[in-house]
Amino acid sequence: MNRHSPKTQIRVLMTTLIGLLIISSCVKQEKYSEIPEISLRPFVLIFDMGQYAVKGVLSFDFQDGNGDIGLNPGDTFPPFNRDGDYYYNLVIRYFEKQDSIYVEVVLDPPFSARIPVLNPDYPGKAIKGFVSDTLAMDPAPAFDTVRFEFFIYDRDLNKSNVLTTTDIPLRK
């Protein structure tokens with residue numbers, strides 16, 4: 001049986017801790033703005049047996065300097081109340097191409113969504129990642145080309161940059 005003296009155990013522990021501190025200080029800590037930033041990933045259409053898309057997947061990358069993206073299910077009091085401007089923290093606007101001009105169509109219910117808290121164990125820490133949201137498309141649309149404009153809010157009500165998808169043809 002190999003036993004170490006308490007002094008040896010303390011030296012090993014201290015050496016390990018110092019090594020971990022040196023290694024962790026060498027790891028570059030990402031610094032981002034506390035205003036969230038998003039970047040678009042390709043929009044994906046899902047077709048069933050018909051000629052029109054039945055679903056679309058909106059995906060984007062994000063980064064936030066203090067990691068305060070997301071809402072808990074119970075976050076329904078002002079300013080996150082249902083009728084408020086901040087109930088949805090992923091705001092998605094829908095546009096149809098009508099006679100070569102894009103026209104916003106206000107949907108009820110909207111495509112907008114509530115992103116859940118993404119950083120519950122490390123509040124205040126910078127985060128980055130991606131979000132994908134599957135959208136149910138009209139199976140027989142009046143117009144066959146659409147686009148989306150979207151942005152996110154963080155819990156401090158900071159608005160990210162606004163992105164717009166390219167033209168999305170809904171017909172195969």
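The values are calculated or read from the model by the stated rules, or taken from the named source; none is laboratory data. Keep in mind that this is a model prediction, so the values were computed, not measured. Here Cβ is always computed from backbone atoms with ideal geometry, including for glycine, and neighbour counts include all displayed protein chains.
Does residue 100 satisfy the condition of being modelled with pLDDT under 90, among the small types (Gly, Ala, Ser), exposed (fewer than 15 other Cβ atoms within 10 Å of the Cβ) and out of contact with any helix residue (DSSP H, G or I) (no Cβ under 6 Å at 6 or more places or on another chain)? Judged against the criteria, residue 100 is not a match. Does residue 63 satisfy being touching an Asp or Glu at 6+ places or on another chain (Cβ under 6 Å), touching a residue at least 12 places away in the same chain (Cβ under 8 Å) and within 29 Å of residue 167 (Cα to Cα)? So residue 63 fits the description; yes. Which one is nearest to residue 50 (Cα to Cα) among residues in the range 134-154 that are among the charged types (D, E, K, R) and modelled with pLDDT of 95 or more? Among them, the one singled out is 147.
Would you list the strands (runs of 3 or more DSSP E) that sit entirely within the range 52-164 and hold 2 or more residues that are under 27 Å from residue 30 (Cβ atoms) and not polar (S, T, N, Q)?
Hits in the range 52-164: 53-64, 90-98, 127-136, 145-152.
Restricting the range 28-58 to residues that are within 30 Å of residue 172 (Cα to Cα) and small (Gly, Ala, Ser), the residue that is surrounded by the most Cβ atoms within 10 Å (Cβ to Cβ) is 53.
Annotation: of all residues in the range 106-124 being more than 11 Å from the chain's Cα centre (by Cα) and surrounded by 14 or more Cβ atoms within 10 Å (Cβ to Cβ), the one that is farthest from residue 55 (Cα to Cα) is 119.
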